[in-house]
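Have a look at the structure below before the remarks.
Just so it is clear, none of the values below were taken in a lab; they were calculated from the coordinates. Source: prediction; values computed, not measured. Using ideal geometry, Cβ is built from the backbone for each residue, glycine included, and neighbour counts are taken over all protein chains shown.
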Amino acid sequence: MPAARFEHPLGRLPYAGRVTTPPFAAPTTAELAVVSAQLGRPARGVVGIAARCVCGNPTVVATTPRLPDGTPFPTFYYLTHPAATAAMSTLEATQVMPELAALLADDADVAAAYLSAHEAYLADRAQFGDVSEIDGISAGGMPTRVKCLHALAGHALAAGPGVNPIGDRALERSSWSPDRCRCEAPGAAVREVEDSSA
Ligand SMILES: [Zn+2]
């Protein structure tokens, strides 16, 4: 592995240092309000904030594998930030997906890492219950296909660099970064905490 990987103790990608996998702190009212605003609908089944913008707002939520209404929900790491989802949609409209699929087909190391990412994803989700309908099903096309960059980038943002090789590459290609805040209400998710302590 190249030495450049270790320039920063947590990796060289801009989202290093905000790694969040279970266990999670329970989401606050302010965090859930920001997520609902991002989604344009009430947030459902959120068990934690899995990645954040530099301003503190959520970019990825962890969602229970069975929603409160009983629906199985495989996408444990769900990308919520509008600018991030738009950037992934833009990437999906280019030739990036077939290119990443070809990389997966041609590079045994990437394929092995992608399988490990799939297993890590399932292990993280299993901490919130086993749901038979989605048993063995992760997200984004893992472990052998590239179907949804939103899901793969969400996993990469949550788990940190070096876990999901396709999500890492999608973020590298993206015009969006959690280090350049493009939130409608920067810091709104953490403001309530500051106010209550003042
Ligand atoms: Zn922000």
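With n ≥ 4 as the cut-off for DSSP H runs, can you work out [θ] at 222 nm for the chain, using -39500 (n - 2.57) per run divided by the number of residues, rounded to the nearest 500?
Details: 7 runs with 82 residues, N = 198.
Value at 222 nm, helices only, nearest 500: -13000 deg cm²/dmol.
Averaging sequence separations of C-alpha pairs under 8 Å and six or more residues apart, then dividing by the length of the chain, give the relative contact order as a whole percent.
28 percent
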**Message:** Sort 22-31, 135-144 by the packing proxy (mean of other Cβ within 10 Å over each peptide's residues), most packed first.
**Reply:** 135-144, 22-31
**Request:** Excluding GLY70 itself, calculate the net charge of residues whose Cβ lies under 15 Å from the Cβ of GLY70, where each Lys or Arg counts +1 and each Asp or Glu counts -1.
**Result:** -1
**Request:** Calculate the spin-label point distance for LEU67 paired with ASP135, positioning each point 7 Å from the Cα along the beta-carbon direction, and give it in nanometres.
**Result:** 2.3 nm
**Message:** What distance in nm lies between label points placed 7 Å from Cα along the C-beta direction at SER116 and THR90?
**Reply:** 3.2 nm
**Item:** From phi via Karplus (6.51, -1.76, 1.60), per-residue ³J(HN,Hα) for segment 90-101 in Hz, x at Gly/Pro
**Value:** 4, 4, 5, 7, 9, 8, 5, 5, x, 5, 5, 5
**Prompt:** Around ALA105, what is the net charge, scoring Lys/Arg as +1 and Asp/Glu as -1 over all other residues with Cβ under 13 Å from its Cβ?
**Reply:** -3
**Request:** Calculate the dipole size of segment 94-167 relative to its Cα centre from +1 charges on Lys and Arg beta carbons and -1 charges on Asp and Glu beta carbons; express the result in debye to the nearest 20.
**Result:** 180 debye
**Fill in**
For VAL47, other-chain or 5+-apart residues with amide H closer than 5 Å (H placed, Pro excluded) are ALA62, THR63, THR64
**Complete:** Descending packing, highest mean Cβ count within 10 Å first, for 37-50, 104-117 is 37-50, 104-117
**Asked** Any idea what Rg and Dmax come out to for the chain if you just take the C-alpha atoms, in Å?
**Response** 16.4, 56
**Prompt:** In nanometres, what is the gap between the two model label sites at ALA108 and ALA126, each 7 Å from Cα along Cα-to-Cβ?
**Reply:** 2.7 nm
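Give me the net charge for the shell around SER138: Cβ to Cβ below 10 angstrom, other residues only, Lys and Arg +1, Asp and Glu -1.
-1
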